[in-house]
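Down below is the structure, laid out as structure tokens.
The values are calculated or read from the model by the stated rules, or taken from the named source; none is laboratory data. Just so you know, these numbers come straight off a predicted model, no measurement behind them. Quick reminder, even Gly has a Cβ in these numbers, built from the backbone with ideal geometry, and neighbours come from all protein chains shown.
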Amino acid sequence: MRHLFAGSCPKDPSGSDINEDRWAFSESRGTLALCDGASESFDSSVWAQILADKFTLDPAVTPEWLSDALADYVARHDFAGMSWSRQASYERGSFATLLGVQHIPGNQTVEVLAVGDSLAVLADGNRFVSSWLYCNPESFKERPTLFATLPEHNTFVSEGDFWTARGTHFDLSDLKSPRLLCVTDALGEWLLRQTQSGEEGLARLLALATEEELVNLVVEERAVGRMRVDDSTLIVVAFDKGGEPDGVSVL
């Protein structure tokens with residue numbers, strides 16, 4: 001799995017708002033994670049980064065896996081040293097999506113886990129092949145399931161259908177030029193609407209060369225009302241053959 005593009009446009013490209021989207025990527029392990037921290041929750045960008053980093057190192061998501069991530073989150077915060085208002089916010093919890101990808105070269109398969117409304121789109125060149133978890137842009141109107149720093153909100157991870165309900169695999173064996181696009185929700189909804197209406201959204205994203213170009217596209221589509229205003233992140237990877245460098249790259 002080879003990294004081709006990574007870029008993000010915050011809610012306000014010219015402002016000081018914190019971008020809560022976070023991602024991590026490991027070529028050597030063949031893993032990628034994109035997480036979208038919920039804006040209304042406490043320090044969600046930290047929670048999102050913890051989940052992304054942990055998935056790239058260990059993609060076997062279990063209740064124990066999530067407990068370890070939560071322990072890391074708790075260790076990064078000095079609750080006793082917070083003001084009372086920040087303590088109250090902290091106790092309301094932090095929430096984030098997780099879109100996790102694992103490439104299995106031996107059988108030409110990509111495993112995808114989606115908790116929340118970040119989207120994975122498989123393309124062959126500029127041709128749309130499949131998407132996960134959603135295939136209909138209207139699905140983005142639903143309230144997504146999120147990983148939380150409050151254990152009582154994570155009981156779904158212990159359910160027997162956790163992986164079957166939120167996981168899938170993409171078969172690459174018959175594709176000539178497979179590409180995987182991972183996007184957070186506003187960009188994902190826009191891309192599915194573009195695909196549904198036969199427009200060139202997929203080709204436009206795959207043609208991007210710089211983050212500045214992504215920001216320009218997002219600002220333009222927001223201005224004409226075709227894209228919701230939200231942090232918008234795009235990661236593109238390829239699955240062609242060739243040597244892959246060691247090491248983990250994390251943003």
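At a glance:
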{"quantity": "Set 219, 224, 229: member being more than 19 Å from the chain's Cα centre (by Cα) and in contact (Cβ under 8 Å) with a residue 24 or more places away in the chain", "calculated": "219"}
{"quantity": "Members of segment 158-189 found to be part of a helix (DSSP H, G or I) and either among the charged types (D, E, K, R) or out of contact with any strand residue (DSSP E or B) (no Cβ under 8 Å at 6 or more places or on another chain) (or both), listed by number", "calculated": "158, 162, 164, 165, 166, 185, 189"}
{"quantity": "Segment 93-124 - residue that is at pLDDT 95 or above, out of contact with any helix residue (DSSP H, G or I) (no Cβ under 7 Å at 6 or more places or on another chain) and small (Gly, Ala, Ser) and, of those, surrounded by the most Cβ atoms within 10 Å (Cβ to Cβ)", "calculated": "120"}
{"quantity": "Long-range neighbours under 6 Å by Cβ, at least six apart or interchain, first residue of a type in the set (A, V, I, L, M) within segment 169-185, second at pLDDT below 95", "calculated": "172/108; 172/239"}
{"quantity": "Matching residues, segment 142-154, being more than 18 Å from residue 118 (Cα to Cα), without any contact (Cβ under 8 Å) to a residue 60 or more places away in the chain and surrounded by 10 or more Cβ atoms within 10 Å (Cβ to Cβ)", "calculated": "150"}
{"quantity": "Residue check for residue 37: at positive phi, crowded, with 17+ Cβ neighbours inside 10 Å and not aliphatic (A, V, I, L, M)", "calculated": "no"}
{"quantity": "When residues of segment 10-34 are limited to those that are under 28 Å from residue 79 (Cα atoms) and of a type in the set (Asp, Glu), the one surrounded by the fewest Cβ atoms within 10 Å (Cβ to Cβ)", "calculated": "17"}
{"quantity": "Search result, residues across segment 70-81 that are surrounded by fewer than 15 Cβ atoms within 10 Å (Cβ to Cβ) and assigned to a loop (DSSP other than H, G, I, E, B)", "calculated": "76, 78"}
{"quantity": "The one condition in (1) exposed (fewer than 15 other Cβ atoms within 10 Å of the Cβ); (2) modelled with pLDDT under 95 that residue 207 fails to fulfil", "calculated": "(2)"}
{"quantity": "In segment 158-167, the residues that are within 16 Å of residue 99 (Cα to Cα) and more than 15 Å from the chain's Cα centre (by Cα)", "calculated": "162, 163, 164, 165"}
{"quantity": "In segment 21-52, residue farthest from the chain's Cα centre (by Cα) [restricted to those that are under 19 Å from residue 236 (Cα atoms) and part of a loop (DSSP other than H, G, I, E, B)]", "calculated": "28"}
{"quantity": "Any hit, segment 182-189, residues being touching a His at 6+ places or on another chain (Cβ under 9 Å), crowded, with 23+ Cβ neighbours inside 10 Å and either within 17 Å of residue 64 (Cβ to Cβ) or not aliphatic (A, V, I, L, M) (or both)", "calculated": "no"}
{"quantity": "Among the residues listed as 70, 57, the single one being in contact (Cβ under 8 Å) with a residue 40 or more places away in the chain and within 27 Å of residue 2 (Cα to Cα)", "calculated": "57"}
{"quantity": "Scan of segment 215-238 for residues that are in contact with a Leu (Cβ under 8 Å, 6 or more places away or on another chain) and of a type in the set (A, V, I, L, M, F, W, C), ordered by number", "calculated": "217, 218, 227, 234, 235, 236, 237, 238"}
{"quantity": "Restricting segment 61-90 to residues that are under 16 Å from residue 46 (Cβ atoms) and of a type in the set (D, E, K, R), the residue that is modelled with the lowest pLDDT", "calculated": "78"}
